[in-house]
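Asker: Structure incoming, see below.
The values are calculated or read from the model by the stated rules, or taken from the named source; none is laboratory data. Quick caveat, the model's predicted, so the values are computed rather than measured. Neighbour counts run over all protein chains shown; Cβ positions are idealised from the backbone, glycine included. With ligands, DNA and RNA removed, areas are computed over all heavy atoms of the protein, side chains included. Shrake-Rupley method; radii C 1.70, N 1.55, O 1.52, S 1.80 Å.
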Amino acid sequence: MSDIFHRSLNAIDPEIGALMNADLKRQQDQIVLIPSENYASPAVLLAQGSVLGNKYAEGYPGKRYYNGCEHMDGIEQLAIDRVKALFGADHANVQPHSGSQANVAAFLALLEPGDRIVSMKLDHGGHLSHGIPANLAGKLYDVQFYGVNQETGRIDLNEVADIVKRHQPKMVIVGGSAYPRTLDFKPWREIADSVGALLLADVAHIAGLIAGDAHPNPIPYADVVTFTTHKTLRGPRGAVILCKEAHAEAIDKAIFPGLQGGPFMQSIAARAVNFKEAMEPEFKTYQRQIIANAAAMAAGLVVEGFDLISGGTDNHLMLVDLSERAYSGRQAADRCEEAGIVVNRNTVPFDRRSAFITSGLRPGSPATTTRGMKETEMRQIAKWIAVAVQKDTGSKGRAKIKEEVREMCARFPIYPDLDYTV
Ligand code: DSN
């Protein structure tokens, strides 16, 4: 990135410059296991922090409500064409500011207030935008839930089919934020069809795996597919809606003017860059390595005596079940952070602790894989976690791990030439 921008940033606001640099150093020195975080490429960061943020471009390519949009049209059209090709979709809307916005837009486009949705329980791995009572969707629609089987930790499709038959929803949602197993979308289509429902696949977590051919693609089966661009896909903050041509007009209208005003053109340019990167052969290698690394970490955690929900993982994340431990998910995550490992606490299915305290951890491999770590490092991380979470390890023990973590991280630099304080 051009130094002139860093120099002027630091000259004008050294406090922000210093805080940005502090977080750059944190990102470099810590092991990031949050499965929804990643390190976007310098090209993505450059587009995201660019002059395009200066422009209003309400509307869509060829039909804008502002003048001066000729370059905006080119940028947005490239993003649309690339993401359609990447996933094999009929239609793409690349304007949603976030995954929650994308989901609300899909509801706004395809449902009436009061319509029924069947989605996955949040504490079983769903997502709050799929209709928890405190969320807009929970207030506007009649939401009924399915979960995972208590014995297997997996979704039981027969059970889902029964719930769908009983509730006769207008929409079924598949996907969430903490499900460690492969989703086979064909039977979900059949379940939705059994009651004439629409099928929405929220693949925010696994979009990169799908684009890299490391997970089945929902496009042939779902009416609408939503995802964020910053998780396994490794792009900028933002989201996308893909849909069948029949829903294109309704989806576009729901995003603008239904829900949003001016699109974030800097982010849309960065999404276009990200989609180009995702078309490269090395992106497939990256996605395969994410899965290999998650499998190695899961195996390492099992060796260390941890229980994993469903026994392991097929994708980029796993759920460590701490229900029978004396410490909570929150305590475990805090102790890991003290040791230089950032992992998020998460409810586990049938959790007896609150959503704020939790009985689980949700480690994932996208960020560590981006920086070049492989199975050997994943096994080492599992060992560090096992020691760090113990109360008896104490601050001294965790400080020792933190130093070892920092040394390992130094071998895998993230943005070697970046410095916000120059
Ligand atoms: N907050 C995201 C996650 O961490 O999975 C989902 O929106």
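Asker: Distance from the Cα centre of the stretch 209-257 to that of the stretch 130-192, in angstrom?
Answerer: When both Cα centres are located, 18 Å separates them.
Asker: Percent of Cα-Cα pairs more than 30 Å apart in the chain, please.
Answerer: Counting pairs separated by more than 30 Å, the tail of P(r) holds 44 percent.
Asker: Would you mind telling me which residue in D123, D162, D351 has the biggest mean-square fluctuation in a Gaussian network model of the chain, where springs connect alpha carbons within a distance under 10 angstrom?
Answerer: Of D123, D162, D351, the most mobile in the Gaussian network model is D162.
Asker: Count the DSSP beta bridges whose two residues both fall in the chain, then state the antiparallel fraction as a percent rounded to the nearest 5.
Answerer: 55
Asker: Computed from the mean reciprocal separation of all distinct C-alpha pairs, what Kirkwood hydrodynamic radius does the stretch 1-139 have, in Å?
Answerer: Result for the stretch 1-139 stands at 19.1 Å.
Asker: For the stretch 341-422, report the accessible area per residue in Å² (1.4 Å probe, heavy atoms, rounded to an integer).
Answerer: 48
Asker: Going Cα to Cα from K139, which aspartates and glutamates come in below 16 Å? Please leave out same-chain ones fewer than 8 positions away.
Answerer: E112, D115
Asker: Restrict the search to the stretch 378-416; then list the trypsin sites (Lys or Arg not before Pro) that DSSP places in a loop and that have at most 10 other Cβ atoms within 10 Å of their Cβ.
Answerer: Listed in order of number, the matching sites are R411.
Asker: Another question, if that's okay. Per residue, how much space in cubic angstrom lies within the convex hull of the C-alpha atoms of the stretch 176-314?
Answerer: 129
Asker: Rank F107, M120, G74 by how far each Cα sits towards the positive end of the charge dipole of the stretch 41-158 (+1 on Lys, Arg Cβ; -1 on Asp, Glu Cβ) and give me just the farthest.
Answerer: Looking along the dipole axis, the top candidate is G74.
Asker: Can you list the DSSP H helices in the chain whose Cα atoms extend at least 30 Å along the helix axis and whose mean Kyte-Doolittle hydropathy is -1.0 or higher?
Answerer: Those that pass (Cα extent of 30 Å or more, hydropathy at least -1.0) are 281-303.
Asker: Let me ask something additional. In the stretch 330-422, which chymotrypsin sites (Phe, Trp or Tyr not before Pro) fall in coil by DSSP and have 16 or fewer other Cβ atoms within 10 Å?
Answerer: Within the stretch 330-422, the qualifying chymotrypsin sites (Phe, Trp or Tyr not before Pro) (loop, at most 16 other Cβ atoms within 10 Å) are F350, F356.
Asker: Would you kindly state how much longer the chain becomes between E37 and R288 on full extension, computed as 0.36 nm times their sequence separation minus their alpha carbon distance, in nm to one decimal?
Answerer: 88.6 nm
Asker: Hey, another quick one. Please report the antiparallel percentage of the DSSP beta bridges confined to the stretch 148-262, to the nearest 5.
Answerer: 45
Asker: Counting only heavy atoms of the protein chains, get the accessible area per residue of the stretch 1-121 (1.4 Å probe) and round it to a whole Å² value.
Answerer: Ligands and nucleic acids excluded, the result is 49 Å² per residue.
Asker: Give me Rg/Rg_expected for the stretch 97-154, where Rg uses Cα atoms only and Rg_expected = 2.2 N^0.38 Å with N residues.
Answerer: Scaled against compact globular proteins, the figure is 1.17.
Asker: Amide H neighbours of L308 under 5 Å, counting only residues 5+ apart in sequence or on other chains, H built in-plane at 1.01 Å?
Answerer: D321
Asker: Under 1.5 on a/c is rounded, so check that first for the stretch 84-198, then, if it is not, pick prolate when a/b is larger than b/c and oblate when it is not; a ≥ b ≥ c are the square roots of the alpha carbon gyration tensor eigenvalues.
Answerer: It is rounded, given that a/c, with a ≥ b ≥ c, falls under 1.5.
Asker: Give me the log10 of I(q) over I(0) for the stretch 309-360 at q = 0.13, 0.18 Å⁻¹, as the Debye formula computes it from C-alpha points; what are the numbers?
Answerer: Each listed q maps to, in turn, -0.29, -0.55.
Asker: Using protein chains only and a probe of 1.4 angstrom, how many square angstrom of K374 are accessible, to the nearest 10?
Answerer: Around 100 Å² of this residue is reachable by solvent.
Asker: Another question, then. Using helices alone, what [θ] at 222 nm do you get for the chain, with -39,500 (n - 2.57) per DSSP H run of 4 or more residues, divided over all residues and rounded to the nearest 500?
Answerer: Result for the chain: -13500 deg cm²/dmol, rounded to the nearest 500.
Asker: Hey, another quick one. Along the charge dipole of the chain, pointing to its positive end and built from +1/-1 on Cβ of Lys, Arg, Asp and Glu, which listed residue (A386, N293, A204) has its Cα farthest out?
Answerer: In the chain, that residue is A386.
Asker: Quick check: the distance between the Cα centres of the stretch 402-421 and the stretch 66-90, to the nearest angstrom?
Answerer: Using only Cα atoms to place each centre, the spacing works out to 35 Å.
Asker: Suppose every K and R has +1 on its Cβ and every D and E has -1 on its Cβ; what is the size of the dipole of the chain about the Cα centre, in Debye to the nearest 20?
Answerer: With only Lys, Arg, Asp and Glu charged at Cβ, the dipole is about 580 debye.
Asker: For the stretch 195-251, compute the orientation-averaged projected area of the C-alpha convex hull (one quarter of its surface), in nm².
Answerer: Hull-based average projected area comes out at 4.4 nm².
Asker: Here is a follow-up. For H247, tell me the accessible area in Å² from a 1.4 Å probe, rounded to the nearest 10.
Answerer: 30
Asker: Could I ask something else about it? Is the shape of the stretch 319-404 best called rounded, prolate or oblate, per the rule: a/c under 1.5 gives rounded, else a/b larger than b/c gives prolate, else oblate, with a ≥ b ≥ c the square roots of the Cα gyration tensor eigenvalues?
Answerer: Judged from the Cα gyration tensor, the stretch 319-404 comes out oblate (a/c at least 1.5, b/c at or above a/b).
Asker: Determine the dipole magnitude for the stretch 1-150: charges of +1 sit on the beta-carbon of Lys and Arg, -1 on that of Asp and Glu, nothing else is charged, the reference point is the Cα centre, and the result goes in debye to the nearest 20.
Answerer: 100
Asker: Mind checking which of D392, D307, D252 has the largest fluctuation in a GNM of the chain, springs on alpha carbons under 10 Å?
Answerer: D392
Asker: Just the number: Rg to Rh for the stretch 127-174, Cα atoms, Kirkwood Rh, two decimals.
Answerer: Radius of gyration relative to Kirkwood radius: 0.99.
Asker: Can you tell me the dipole magnitude for the stretch 40-89 around its Cα centre, using point charges on the Cβ only (Lys, Arg +1; Asp, Glu -1), in Debye to the nearest 20?
Answerer: My answer is approximately 60 debye.
Asker: While we're looking at this one, here's another question. Strictly over 22 Å apart at the Cα level, which of K63/K253; K84/K374; K231/K284; K186/K276; K374/K402; K186/K244 would you flag in this model?
Answerer: As for pairs spanning more than 22 Å Cα to Cα, those are K84/K374; K186/K276.
Asker: Another question, if that's okay. Between P169, P363, P35, which gets the highest mean-square fluctuation from a Gaussian network model of the chain, Cα cutoff 10 Å?
Answerer: P169
Asker: Ignoring any ligand, DNA or RNA, what whole percent of the accessible area of the stretch 295-417 comes from carbon and sulfur when the probe is 1.4 angstrom?
Answerer: Result for the stretch 295-417: 49 percent of the exposed heavy-atom area is carbon or sulfur.
Asker: If you don't mind, another one. In square angstrom, what is the accessible area per residue of the stretch 181-237 with a 1.4 angstrom probe?
Answerer: Accessible area per residue, the stretch 181-237: 28 Å².
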